[in-house]
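Data block below; observations after.
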Amino acid sequence: MINVAFLKEQLKRFWLVSALIMFLLLLSCIMPVYVPSRASTAGANYIMSIMAGNNPFLFLISLVAPLCVVLLIFAYQNSSRSTTAINALPLNSRQLFFSNALAGWLLFIIPLAIMSLILLIPVRLTDAEQLGVGFHLYAYKEIFPRGIETGAVINTPLTIFGFFIRAAITFSLYYAIYLTAASITGNGVVTMLISGSLQLFFIGIFIVYQSICSFYVLGYDGSSVMGDLFLKYTTLFHPLGSSFLMTSIPLGTEFVQEAINTQPKSGWLPYWSLWIIYVLLTFAYLGLACYSTTRRKQEHAGDSIVFEPVKSAVIFIASLCGMYLLGIFFIAMFSSEVAMYAGFAIGFTVAYFTSWMIAERTLNVLYKAKDLIKFGGCALALLLIVIGVTRFDLFGFERKIPDISEVKGVINQQHTNYYGDDEGIITATLHDEQILTNEETIKAFMAAHKNIIDDRKTAFRHHIDNMFNTMEQQPGQTTSYETMQFTYLLNDGTSLYRIYSFPYDYYISVGGFDFDAREEVILAPYPTYKRLDLVKEVTIELFDSQEYRVLKSSIDDGSIYGPPLYMNYLTLTNKEHIEGFIEEVKKDIVADHLYSMEQEREGISSNNLPSAELDIYNSSTTKPNVADAYMAVYTRIPIPTKNYNPQTTVSDQAYLNIHDNALSWLIDNGYLEIVE
Amino acid sequence: MITVKNLTKIFGGFIALDGLNLHVERGHVYGLVGVNGSGKTTIIKHLTGIYRQDDGDALINGKPVFDNVDIKKRIGYIPDDLYFFPSYSIDMLAKLYSNMYAAWNGARYKELLGAFGLAGNRKLNMLSKGMQKQAMFSLILAITPEVIILDEPIDGLDPIVRRLVMSVIMEDVEARGMTALISSHNLKEMEGVCDSVGIMKKGRMVIEQGLDDLKTDVHKVQLAYAEAGSREELLSKLDGVKILRQETTGSVSQMIIRGKQEDVVAKLRQTNPLVMDILPLTLEEIFVYETETGGEAND
């Protein structure tokens, strides 16, 4: 498979590229670790960011270096003369491909290996606090599953070996993508364009999918769960691109973390398994590249794309992209559906001819006009299918409401809340507690959903109006639209999700308000209430308190007696007291929510309303284990102040109503007293 | 040694090779001639394993060439349009060839380099086209090929080097039984070295024959008659003789005729010419006449 003589020759020819990559790695990834300047981050932090694949320079090099290597090694395919010379050598096409591919791979792997060896020079963790900020990165936790103490050596042989493997996989995956691009092209510029397109392939599909859904599909507002989940799955195929584009965090570590944490069962996909997927994907791309390279006809050397069917497909996709972009642009410009279709037609035509210009490397492509009818016809057919499936709900996708016997539970929160990415790992372990299982609640939930589906025409009109209103909305402008989310968790383990945005009146008329006012629904986002067995302490923070004095606390860390900042803290650890107190907080929360909802219904902004909060946090940095979890409940209780500001829309009475139960309990149980 | 059977190659609807047949014996020098665009380079690229055929076979030693490393190691190929790795010297390329071709002969390489007066450390891309060709000859002949395939080998070479090149090729043909397939437009040079010739037109082999046979089979005849007869009358008397070309001026006719010389002479005598001269034909003339008729007369 490999011709050693040719491999050596290629390495000899391009060693300078390897040296350049080494130089860049030295300059951007090694020097800042060992020669930290005043301006740069500390060495310990820097090496951590490198090891976690979170370093922007490494990110850039991993994207660009493999591309440069591919462009150079396979440049011979771009001219008939060089193709003839290389293919006349005593090599078969597989030997030629694999010798070239291996040579290219070595050109960036060798510098990476040398860099890893240099990074073995010990660096100690000296700046724990600064590093701690980065510890939320899942990758850090993977590197140090037992944590790391200040003063310990970060770059042990094992951690550096792990870094090398991950970096090699990332570089190799991108290399394989570029090889695939080069295998179907015969022109350097087109190779680069296809390389970029392959990078964005999944993202592109997602964006188009999201746009189609947001415009045509009732029950999809175009900005949330389906898209989020889709993005999470693109992480499986794309370690860099998706995270770079969507979160601007390189190498996807944050994204990987989210992908893992927000899956229905947290941890179903361990961190390392993603890397296995990347390896498999690399081999898949490599296989594709090998197949294309060995099947390509050498007489097509210099052609933009050497396979005619692929060329047609690429031009069609490029034309669709042009159609999509100009359509979106026209919507933004004219806020009109007609303008969008005009944009589609113009965009498709312009992109079609532009693509041919690039493909044929000539401006004279008018002779392709007759094929435009063929290509345009396909696009039109595709558009009609999309409209049929989405707008007219051809397959009954939107109308589907499961039978109550199939439903295990329902959720009216966004998946992101449901899966608890804000609350961290422990909340994720409690996600089942957020499911609404009361039969009456489920029926009310389904009734509201059915009301929407039954009046689909009105609902769809609102949906489209909302879309254009959202587009035209100025920053800071509030919307009178209410979002309704319907998630059914079915007995077979699957889920069904819909999201709608409607004007407030419509939301009330379909029963959304009544449903949201149910106690079980209001308390659903606070799963801790259902698992008080896990709660070991409750910390209560009294805000703006000059009227109450803390009398006792289970834990006295010296900070319980305020002011200076008019804040008082007290902690409960007694099991019975915790349960009693939380029962009262629940009453307050329900009252708080109902009050807010009523205010909103009457058109009063609830922005200044206080809220009884019950957050949980987890101080552990290790992986979660429900049985061992240390859980603390943290409550903030704003206290009405004597210095009441009449400008606020919130009355003293409102404060007192909302927190009456919790405050009364604390006073009754001797934790607080009123200052006269 | 070299066998091409019904080879077909289509480039985006254009038939470059149309069921082409070709045969070259071991130790022979084969001249491949044809007008521009007749498919010479295409067939050569099949025989060097660069192109994959759409149909038919391109065989060397009875084995397919495409993707056959063993066969490709025995082939020396010099294309018309040379390509070298940027900044490579002759010696650097020699090093690569020595590693890739088992039969590499370093002494022969030095000897040829000396014969051409080239220094091994010269950068290939800095040499003139002629010198590049000489360097390629040094390299390709040093791999001791069983088959050498040359596409316009003497194009750009001065007459002295041209002779030198041809003599070193012939040396290997005679000494080692090397088979050579040469494509060229320089038919005079070809005439001196080829054992057999294939004339191509529009992707097909118009004629393929030993050069001597070809020359004895095609004749240029000048005839003069006492009376200026009509062309039809003359032609009716020549029934059975294949005329490739005919020009009549008054009572004098000049014809290019295919057939055995004795038969042709006997037939022509029946027309009672006053004068009948059989003139010698060059390969170039044969090529011109054969390609003009497109081999239609060659049945």
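The values are calculated or read from the model by the stated rules, or taken from the named source; none is laboratory data. What you see is a predicted model, and the numbers here were worked out from it, not measured in a lab. Counting neighbours? That spans all protein chains shown, and the Cβs are built from the backbone with ideal geometry, glycine included. The protein model used for the area step is the full one, side chains on, heavy atoms only, and it has no ligands, DNA or RNA in it. Shrake-Rupley method; radii C 1.70, N 1.55, O 1.52, S 1.80 Å.
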| said: Based on this model, can you work out whether residue B:41 counts as within 13 Å of chain A (Cβ to nearest Cβ) and open to solvent by 10 Å² or more (accessible area, probe 1.4 Å)? | reply: yes
| request: Return yes or no: is residue A:112 open to solvent by 20 Å² or more (accessible area, probe 1.4 Å), in a helix (DSSP H, G or I) and within 19 Å of residue A:164 (Cβ to Cβ)? | output: no
| query | Is at least one residue of segment B:80-90 part of a helix (DSSP H, G or I) and either away from chain A (no Cβ under 14 Å) or open to solvent by less than 10 Å² (accessible area, probe 1.4 Å) (or both)? | reply | yes
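Filter segment A:318-354 down to residues that are open to solvent by 20 Å² or more (accessible area, probe 1.4 Å), within 16 Å of residue A:368 (Cβ to Cβ) and among the hydrophobic types (A, V, I, L, M, F, W, C), then give me how many there are.
Result for segment A:318-354: 3.
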| query | Within the set of pairs 6+ apart or on separate chains, which have a first residue in segment A:1-12 that is facing chain B (nearest Cβ under 8 Å) and among the small types (Gly, Ala, Ser), a second that is surrounded by fewer than 19 Cβ atoms within 10 Å (Cβ to Cβ) and in a helix (DSSP H, G or I), and C-beta atoms under 6 Å apart? | reply | A:5/B:99
| task | Pick out the one residue from B:157, B:211 that is over 15 Å from residue B:76 (Cα atoms) and touching a Lys or Arg at 6+ places or on another chain (Cβ under 7 Å). | result | B:157
| said: When the residues of segment A:54-79 are narrowed to those that are within 14 Å of chain B (Cβ to nearest Cβ) and either of a type in the set (A, V, I, L, M) or surrounded by fewer than 20 Cβ atoms within 10 Å (Cβ to Cβ) (or both), which ends up nearest to residue B:84 (Cα to Cα)? | reply: A:76
| query | Would it be correct to say that residue B:172 is touching an Asp or Glu at 6+ places or on another chain (Cβ under 9 Å) and of a type in the set (Asp, Glu)? | reply | no
| note | Considering residues that are modelled with pLDDT under 65, crowded, with 19+ Cβ neighbours inside 10 Å and in a strand (DSSP E or B), the number found within segment A:568-618 is 3
| Mind checking which residues of segment B:238-259 are loosely packed, with under 12 Cβ neighbours inside 10 Å, within 32 Å of the chain's Cα centre (by Cα) and of a type outside the set (Gly, Ala, Ser)? | B:247
| task | Go through segment A:73-99 and count every residue that is more than 20 Å from residue A:190 (Cα to Cα) and either under 44 Å from the mean Cα position of the chain (by Cα) or aromatic (Phe, Trp, Tyr) (or both). | result | 6
| note | Only one of (1) buried (at least 17 other Cβ atoms within 10 Å of the Cβ); (2) assigned to a loop (DSSP other than H, G, I, E, B); (3) within 12 Å of another protein chain (Cβ to nearest Cβ) does not apply to residue B:97, and that is (2)
| remark: In segment A:16-26, anything over 23 Å from residue A:286 (Cβ atoms) and within 14 Å of chain B (Cβ to nearest Cβ) is listed as A:16
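Looking at segment A:45-53, is at least one residue more than 23 Å from residue A:113 (Cα to Cα) and crowded, with 22+ Cβ neighbours inside 10 Å?
Looking for residues that are more than 23 Å from residue A:113 (Cα to Cα) and crowded, with 22+ Cβ neighbours inside 10 Å, one finds none in segment A:45-53, hence no.
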| Index of the failed condition, residue A:53 passing every other in (1) over 26 Å from the mean Cα position of the chain (by Cα); (2) under 21 Å from residue A:164 (Cα atoms) | (1)
| Just for helices (runs of 4 or more DSSP H) wholly inside segment A:131-231: which have at least 2 residues that are surrounded by 19 or more Cβ atoms within 10 Å (Cβ to Cβ) and modelled with pLDDT of 75 or more? | A:157-184, A:188-216
| remark: Residue count, segment A:80-128, condition within 14 Å of chain B (Cβ to nearest Cβ), closer than 21 Å to residue A:4 by Cβ and of a type outside the set (Ser, Thr, Tyr), comes to 15
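Which ones in segment B:135-173 are in a helix (DSSP H, G or I) and touching a residue at least 60 places away in the same chain (Cβ under 8 Å)? Can you show your working first?
Initially, segment B:135-173 is screened for residues in a helix (DSSP H, G or I), giving B:135-142, B:159-173.
Scanning segment B:135-173 gives B:140, B:141, B:169, B:170, B:173.
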| Would it be correct to say that residue A:29 is surrounded by fewer than 22 Cβ atoms within 10 Å (Cβ to Cβ), out of contact with any Pro (no Cβ under 9 Å at 6 or more places or on another chain), part of a helix (DSSP H, G or I) and more than 12 Å from chain B (Cβ to nearest Cβ)? | no
| Do you know which residues across segment B:100-130 are exposed (fewer than 14 other Cβ atoms within 10 Å of the Cβ) and within 11 Å of another protein chain (Cβ to nearest Cβ)? | B:102, B:103
| query | Taking segment A:358-385 on its own, how many of its residues are surrounded by fewer than 16 Cβ atoms within 10 Å (Cβ to Cβ) and in contact (Cβ under 8 Å) with a residue 60 or more places away in the chain? | reply | 3
| task | Go through segment B:47-75 residue by residue and tally those that are surrounded by 24 or more Cβ atoms within 10 Å (Cβ to Cβ), free of Cβ contacts under 8 Å to residues at least 60 places away in the same chain and more than 9 Å from chain A (Cβ to nearest Cβ). | result | 2
| Residue identified as on the phi > 0 side of the Ramachandran plot, more than 14 Å from chain A (Cβ to nearest Cβ) and within 16 Å of the chain's Cα centre (by Cα) among B:19, B:31, B:27 | B:27
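Each row is one residue, and each column tells you yes or no for (1) modelled with pLDDT of 80 or more; (2) among the hydrophobic types (A, V, I, L, M, F, W, C).
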residue: B:174; (1), (2): yes, no
residue: B:186; (1), (2): no, no
residue: B:198; (1), (2): yes, no
residue: B:209; (1), (2): yes, no
residue: B:216; (1), (2): no, no
residue: B:221; (1), (2): yes, yes
residue: B:234; (1), (2): no, yes
residue: B:249; (1), (2): no, no
